[in-house]
Amino acid sequence: MWRRLHLELKTRSLVTIAALTALGRTTGLRLNIEMALHNGASREKIVETLLQMAPYAGFPACWEGLLVADEVFRSRQQP
């Protein structure tokens, strides 16, 4: 799926983040947030993707995703 041509990797990563957030799959979400950053997605776009899930997947799913993203962002700041 990741090698198909019609969506760039950054977009695929953000879609995957949205799906994993909606499904409550935090282990996969953590990995895919790392991948999204590697694929060129900004922290801001990742956060906006997670916030977009609140009305569709529920605020608890959104909140859990934001907590996972914060963990990933913080881990990347440490030397």
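The values are calculated or read from the model by the stated rules, or taken from the named source; none is laboratory data. Everything quoted here is computed from the prediction, not taken from an experiment. Please note: Cβ atoms are built from the backbone with ideal geometry, for glycine as well, and neighbour counts cover all protein chains shown.
The set of residues in segment 58-79 that are outside any helix (DSSP H, G or I) and at pLDDT 95 or above contains only G58.
A quick yes/no check of all residues on (1) closer than 24 Å to R74 by Cβ; (2) of a type in the set (S, T, N, Q); (3) touching a residue at least 12 places away in the same chain (Cβ under 8 Å):
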site	(1), (2), (3)
T11	no, yes, no
A18	yes, no, yes
E34	yes, no, yes
K45	yes, no, yes
T49	yes, yes, yes
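With respect to R25, is the statement that it is touching a residue at least 40 places away in the same chain (Cβ under 8 Å) and closer than 17 Å to A61 by Cα true? Answer is no for this residue. Among the residues making up segment 42-60, those that are more than 9 Å from the chain's Cα centre (by Cα) and either closer than 19 Å to M1 by Cβ or crowded, with 19+ Cβ neighbours inside 10 Å (or both) are M53, A57.
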